[in-house]
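Below: the structure, in structure tokens.
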Amino acid sequence: MLSPGQIIDGKYRIERCLAEGGMGAVYLGQNTRIGRQVAIKVLHGVLAKQGVQVERFEQEAQLLARIGSQYIVEVLDMGDLPSGDSYMVMEYLEGESLGERLHRRKRLEPDEAVQIVEQALTGLEAAHGAGVVHRDIKPDNLFLQRRPEGELIKILDFGVSKLQLDTQDLRHSKLTLNGTLVGTPQYMSPEQARGHETDHHTDIFAMGIVLFECIAGETPFVGENMHDLLFKVALEEPRTLASLRPDVDPKLESIVRRATARSPDNRYA
């Protein structure tokens, strides 16, 4: 744990811990040279000594810098603490995650849900254009930044993202072995749940699930346990939006159905 008042790299002063999890912690900090508030993500000490985890951490920063979109959280700097723990400096965002909003309000009006998803899709379009697949799109990774001119959606956490492979990007493919599940089961595509190769269509599927949840108040797949849930995602058709919201516009129902088509080729490109 970093302590309030601690200085990193001679310019980042720690103010307080914002969140902590199994992989690391995020702190509110201040760049003392320019007076800007920042978020500082630190990889936990044990993980910082595992080569593949450090590579993932560095890859996340590199991929975020590669995309460069206002709808993607901005990385400003990265480095290593004297302890050897890696850290990443990002823009500090005020607001709430979509997950927090859904927890508070249960579901959203369709117009609000569509506006949020449209912004997120613009960010994903930039990521996919840079050859980056997120692979863990879900409400907790969509942040609604509060601004005077209106909310702006920011996509967070590219920690399990990958580059769509070309001959210069083979190193990144080794960070996740074929057959290894990555992502969050409720938002996984069928190919993800089976441990198959993924591409940008996987993110489109997840966005369809997010739109469904925003409007219906729950995800289309439910299971008695994780195994049952993964089985249903991999092999069954999702519940229809109209089955939970009969009042929904048929055009919106059609959009969700296409985005969550079982075959990647039948989803939006």
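The values are calculated or read from the model by the stated rules, or taken from the named source; none is laboratory data. All of these numbers come straight from a predicted model, not from anything done at the bench. Cβ atoms come from the backbone with ideal geometry, glycine included; neighbour counts cover every protein chain shown.
Against the definition (part of a helix (DSSP H, G or I), under 28 Å from residue 129 (Cβ atoms), within 23 Å of the chain's Cα centre (by Cα) and outside the structural domain of residue 211 (by the TED database)), how does residue 70 come out, yes or no? It is false that residue 70 is part of a helix (DSSP H, G or I), under 28 Å from residue 129 (Cβ atoms), within 23 Å of the chain's Cα centre (by Cα) and outside the structural domain of residue 211 (by the TED database). In region 113-135, the count of residues that are farther than 25 Å from residue 247 by Cα, assigned to a loop (DSSP other than H, G, I, E, B) and either within 12 Å of the chain's Cα centre (by Cα) or hydroxyl-bearing (Ser, Thr, Tyr) (or both) is one or more. If only residues of region 217-269 that are among the aromatic types (Phe, Trp, Tyr) and closer than 23 Å to residue 121 by Cα are counted, the one that is surrounded by the most Cβ atoms within 10 Å (Cβ to Cβ) is 221. Checked against the criterion of being in contact (Cβ under 8 Å) with a residue 40 or more places away in the chain, in contact with a Phe, Trp or Tyr (Cβ under 6 Å, 6 or more places away or on another chain) and under 25 Å from residue 132 (Cα atoms), the candidates 260, 198, 202 yield just one match: 260. Within region 136-146, restricting attention to residues that are at pLDDT 95 or above and part of a loop (DSSP other than H, G, I, E, B), the residue that is nearest to the chain's Cα centre (by Cα) is 137.
Okay, residues lined up against (1) part of a helix (DSSP H, G or I); (2) under 25 Å from residue 127 (Cα atoms); (3) among the basic types (Lys, Arg); (4) modelled with pLDDT of 95 or more:
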{"residue": "17", "(1), (2), (3), (4)": "no, no, no, yes"}
{"residue": "30", "(1), (2), (3), (4)": "no, no, no, yes"}
{"residue": "41", "(1), (2), (3), (4)": "no, yes, yes, no"}
{"residue": "61", "(1), (2), (3), (4)": "yes, yes, no, no"}
{"residue": "65", "(1), (2), (3), (4)": "yes, yes, no, no"}
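Quick one: in region 77-97, of everything that is more than 18 Å from the chain's Cα centre (by Cα) and in a strand (DSSP E or B), which residue is surrounded by the fewest Cβ atoms within 10 Å (Cβ to Cβ)? It comes out as 79.
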